Amino acid sequence: MRALCVGLMLSIIGCSKGDVVESPELEAQRDLLGIATPGDPSRLQPVELHPRAGFGAAPDYESLGYPNASPEVMALLDSTNPDSPLHFFITPHTDAEGVGPLFNQRACLGCHTNSEDVRSNIEQGGIVVPPPADFTLTNTPASRAARQGNTDHSKITKETGNPPTAAFTLYGNYSPGTGSFDPIASLGGPLQHVQSVGMCRINDLPSLARDPSLQGGLDPVTGLSPLGLRREVGERAAPPYIGRGLMEAIVADDIVANDDLADKLAFTSSLSPPPDPAICPGDCISGRHNENRADLSFVGGDPRMRVSRFGLRAAGPTLLQFVVGGLQGELGLTSPFMPTEQPNVDNAGNTCDAVPDPELKTDVALRLRDLIRNIAPPMHDASLYETPPVSQTAIDVQAGARLFGVDLAAFQSRMIPGREPIGFGDPDADKGIAGDRMLGCVTCHIPIMKTGTSPAKLGAEHLSNRWAPIFSDLLIHQNPELPKGIRSRLRPSIPGNINRDLTDFAIPPAVTGIGNGAEFRTPPLMGLGKVGPPFWHDGRVYLNVIGARSYPGDPPTPPASTVFTSADEGTRTLSITSVELAVLAAIELHDLPAPPGNDYAQCPTVAEGMDFCSRQSRYRGEARNVMEKFRALTTAQQLQVVRFLLAL
């Protein structure tokens, strides 16, 4: 391993703030580091998408893999073979294998279980899956983390775990003055574990009274201790592992090229209202790429700062670090890449896990990474390609795509084999972006990114030189925020049980990079109409009409609820009791709620630091003008956008 580390240090020419030169000398190292190199534009072709009908029907190659894969790739997805990475992924592991002493799941699949919740709400709650959605009802690596209610950390116990969700919790102390984060490892941080082996205790969130940095009381307005710190707690929900090999194969320069940190760019739109130039120099969208060092996440990782793209904050330069981190952090299984256990301060002197470290061989982690690389995106629904659109579903889906900002002709010509790409070489046409971006969703959710030469040893033929429909720029963007301190002081009040503050300052550097607590990556939308809810980085937009998975002794879990605004129905507080409302809520959360009556003149007069209502409020997110346009649509038009998303 020492030789591996030294070799990596010598072989990489790093990057600094987007000045990217990544040229590993050895193919083996390129595979480990996950560095894509420029491809051949003359060989660009559509991705071989997995047939939509059977996608995710079972954890096997026939339901998840790229068509016409090699025997070696097919073997990765052979769940019947005990030596395959997919078998490892779906199998619960035991204390004897080294699970623990602290852990959250016994199987990798435990973080990818929303499909079971979708099935329960359909079968028991009568939820109707509207066309063109066709949700998978079986948990696979292409499922996302489940959620059926909000977390109450005070009710988590070793006996019951955290019933409402499979999301995990990060915690620590944050200093707004310096931007620094203390993971309080001396108190068991920064990762909470809700299960443990033997007689070991789980690590409850430490009380403020136990934390020496938070003594002296918290300011009732700022929520800060005398040392200028506040406790931060944030949840993270595992995304569906779809198309990750394509994302890895995108050349770093192509990600950096979409940076607009100073908001100098503006898109053309026929929809009103336009951005206010006194608030936004361009279109209000000012995303930037993230950077990080892989050696912060695993032994032998690249010590240089590199453009990163993986994870909810795009803080990961490599897929491997999420495999290694998941094995150690979630399952409690160590490997040569991460040979020590998580902090276990509450069980000092109690030997609960007697299996020698490292508990897994290197090959286990590498093959799990190969598995994730080779899970294909599903085909889009046929309604997106119906020409001309005749069925009502196709009419709605394609109208929604145009509102989203998609150039349908350019997009279709890059998705259908044998078609000549319309406008080849034009930057917008190559991304599937229309001249009139209308809502402007495509500014962040870029429909198509070109891949270069994949670093993968297995499956590169499916990943290199492709028009990849990932619907993301892989950049990080400022999310909407609410003033910190005492929430009861907020005016106007925000109805609903979904937190409209989309920031999260539980920010260990390994999973944050150069981003800040208000920045998250544009989530790829591949397979949205197959995977379904919950949505957002912690799964806060959930669909539960059967009251499932409440804490012991609690009443049935209520549905999620929030405020929605449209031109014809105004602002309403609605419970999320349908698939359409779940997707609408995910869109609605892109900014703070509309002002009362959707009229900024009705915002209350408050101190500047408490103003989250006005158009110029500093707490609104980058999508502020996109959401103004969206809220100026009728509900029927908004639902067309929803149906387009469900066609993905």
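The values are calculated or read from the model by the stated rules, or taken from the named source; none is laboratory data. None of these values were measured; they are calculated from a predicted model. Glycine also receives a Cβ, built like all others from the backbone with ideal geometry; neighbour counts cover every protein chain displayed. Surface accessibility is based on the protein's heavy atoms, side chains included, excluding ligands, DNA and RNA. Shrake-Rupley method; radii C 1.70, N 1.55, O 1.52, S 1.80 Å.
Things worth noting here:
- Against the test of being closer than 27 Å to ASP211 by Cβ and free of Cβ contacts under 8 Å to residues at least 40 places away in the same chain, the options ASN162, ASN173, ASN150, ASN104 yield a single qualifying residue, ASN162.
- Listed by first and then second residue, the pairs with beta-carbon distance under 8 Å, at least 6 apart or on different chains, first residue in the range 280-294 and within 15 Å of GLY621 (Cα to Cα), second among the β-branched types (Val, Ile, Thr) and part of a loop (DSSP other than H, G, I, E, B), are GLY287/THR522.
- Listed by position, the helices (runs of 4 or more DSSP H) inside the range 376-438 whose residues that are farther than 20 Å from VAL641 by Cβ and open to solvent by less than 20 Å² (accessible area, probe 1.4 Å) number at least 1 are 408-415, 427-431.
- Top-ranked residue of the range 302-324 - restricted to ones that are open to solvent by 10 Å² or more (accessible area, probe 1.4 Å), over 16 Å from the mean Cα position of the chain (by Cα) and not basic (Lys, Arg), ranked as farthest from SER472 (Cα to Cα): PRO303
- Test: residue in the range 50-66 that is in contact with a strand residue (DSSP E or B) (Cβ under 6 Å, 6 or more places away or on another chain), over 16 Å from PRO141 (Cβ atoms) and open to solvent by less than 30 Å² (accessible area, probe 1.4 Å): yes
- Condition broken by THR37, with the remaining ones in (1) of a type in the set (Ser, Thr, Tyr); (2) touching a residue at least 60 places away in the same chain (Cβ under 8 Å); (3) under 23 Å from PHE168 (Cβ atoms) satisfied: (3)
- Residue that is farthest from the chain's Cα centre (by Cα), among those in the range 335-372 that are among the β-branched types (Val, Ile, Thr) and farther than 18 Å from ILE202 by Cα: VAL355
- Scanning the range 533-572 for residues that are buried (at least 22 other Cβ atoms within 10 Å of the Cβ), of a type in the set (Gly, Ala, Ser) and either touching a strand residue (DSSP E or B) at 6+ places or on another chain (Cβ under 8 Å) or over 27 Å from ARG521 (Cα atoms) (or both) yields GLY539, ALA560.
- Selection of first residues in the range 534-561 that are of a type in the set (Phe, Trp, Tyr) and of second residues that are assigned to a strand (DSSP E or B), restricted to Cβ pairs under 6 Å at least 6 apart or on distinct chains, gives the following pairs, ordered by first then second residue: PHE535/VAL541; TYR542/ARG147.
- Matching residues, the range 327-345, being crowded, with 18+ Cβ neighbours inside 10 Å and either in a helix (DSSP H, G or I) or polar (S, T, N, Q) (or both): LEU327, GLN328, GLY329, THR334, SER335, GLN342, ASN344
- Selection status of LEU639, closer than 22 Å to CYS444 by Cα and under 20 Å from the mean Cα position of the chain (by Cα): no
- Taken over the range 443-488, the criterion of being under 30 Å from ALA75 (Cβ atoms) and open to solvent by 30 Å² or more (accessible area, probe 1.4 Å) is satisfied by LYS450, THR453, LYS457, LEU458, GLU461.
- Of the residues making up the range 189-220, just one is of a type in the set (Gly, Ala, Ser), under 17 Å from PRO343 (Cβ atoms) and in contact with a helix residue (DSSP H, G or I) (Cβ under 9 Å, 6 or more places away or on another chain), namely SER196.
Condition check ((1) under 20 Å from ASP152 (Cβ atoms); (2) in a loop (DSSP other than H, G, I, E, B); (3) out of contact with any Pro (no Cβ under 6 Å at 6 or more places or on another chain); (4) open to solvent by 20 Å² or more (accessible area, probe 1.4 Å)) across all residues:
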residue	(1), (2), (3), (4)
GLY179	no, yes, yes, yes
MET199	no, yes, yes, yes
PRO206	yes, yes, yes, no
SER213	no, no, yes, yes
GLY216	no, yes, no, yes
SER225	no, yes, yes, no
GLU235	yes, no, yes, yes
LEU246	no, no, yes, no
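- Scanning the range 622-643 for residues that are in a loop (DSSP other than H, G, I, E, B) and buried (at least 23 other Cβ atoms within 10 Å of the Cβ) turns up GLU622, ALA623.
- Against the test of being without any contact (Cβ under 8 Å) to a residue 12 or more places away in the chain and not β-branched (Val, Ile, Thr), the options SER493, SER472, SER454, SER464 yield a single qualifying residue, SER493.
- For the range 300-326, filtering for residues that are under 27 Å from ARG210 (Cβ atoms) and in a loop (DSSP other than H, G, I, E, B) leaves 0.
- On inspection, ASP117 passes the criterion of being closer than 30 Å to ASP381 by Cβ and either modelled with pLDDT under 95 or acidic (Asp, Glu) (or both).
- Qualifying residues in the range 573-603 (those that are among the β-branched types (Val, Ile, Thr) and farther than 27 Å from ALA518 by Cα) - the one most open to solvent (accessible area, probe 1.4 Å): THR577
- Checking each residue in the range 555-611 for being farther than 22 Å from VAL531 by Cα, modelled with pLDDT of 95 or more and among the aliphatic types (A, V, I, L, M) picks out VAL563, ALA567, LEU574, LEU592, ALA594, ALA601.
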